[in-house]
1. Going by average Cβ neighbours within 10 Å, how do the peptides 98-105, 138-145 rank, with the highest at the top?
2. What list of ³J(HN,Hα) values in whole Hz, one per residue of region 122-129 in order, does the Karplus curve 6.51 cos²θ - 1.76 cosθ + 1.60 (θ = phi - 60°) give from phi, with Gly and Pro shown as x?
3. Based on the Cβ-Cβ distance of H163 and L75, what FRET efficiency does E = 1/(1 + (r/R0)^6) give at R0 = 35 Å, to the nearest 0.05?
4. Compare the peptides 41-50, 57-66 by average per-residue count of other Cβ atoms within 10 angstrom and give them in order, highest first.
5. What distance in nm separates the two pseudo spin-label positions at Y43 and A150, each 7 Å out from Cα along the beta-carbon direction?
6. When a/c reaches 1.5 or more, the comparison of a/b and b/c decides; with that in mind, is region 31-179 rounded, prolate or oblate per its Cα gyration tensor?
7. Please give the peptides 158-167, 128-137 ranked by average Cβ packing (other Cβ atoms within 10 Å per residue), highest first, as a rough proxy for protection.
Amino acid sequence: MSTSLETPDTPSPAASEASSPDRDMAQLGLAALLVVVGVYTLYDASTLRVGFGDPVGPRLFPYVIGSVTVVLGLLLALATFRGSVPEAEGGEDVDLRHPADWLTVAKLVGVLLFTVLTISFLGWAVSGALLFVGCAWSLGSRTLVRDVIAGAVLAVASWYFFHEGLGVILPAGILDGVL
């Protein structure tokens, strides 16, 4: 009587090689998409008209992004052809038997709609602070004072960052002249 080292639960190495795919076609599709987007970015950067005032110019960033995207696409295709298959994710710690919390989703949508409707009148500093407070409340926070302080600090700081640092004009609203 001969005994086998393999148990019925473990497949033989030949069976596992036969069941694993040689190439993941989704990876090849993603690699092709990366190359196409990178090539288009490079082409689009080459059509930018640049003056002579800035030695670096506005084309540098799209050239770098386009080149990196093409290289990553080619590396992904190479890895796929070599047989690299992505490892399955373990999953999140979510119980899928529980239904979605539509009340929280509705609260968040309401807060976002309120922000969209009031940002031109109230301005970003006030509307952004209310957005933060409303989202924190929707997601379960019960410390109103802390949320208001954090929302006000974040909204005013982001207003100054965009307005002064980046030159992007956000509406000041009712705080026009104060900010």
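1. 138-145, 98-105
2. 7, x, 5, 4, 6, 5, x, 5
3. For R0 = 35 Å, the calculated efficiency reads 0.30.
4. Top of the packing list down: 57-66, 41-50.
5. A separation of 4.6 nm, rounded to one decimal place.
6. Oblate.
7. Put in order of decreasing packing, that is 128-137, 158-167.
We did not get these values from a lab; they are worked out from the coordinates using the rules stated. Treat the numbers as computed from the prediction; the structure is a model and nothing was measured. Positions of Cβ are backbone-derived with ideal geometry, glycine not excepted, and every protein chain shown enters the neighbour counts.
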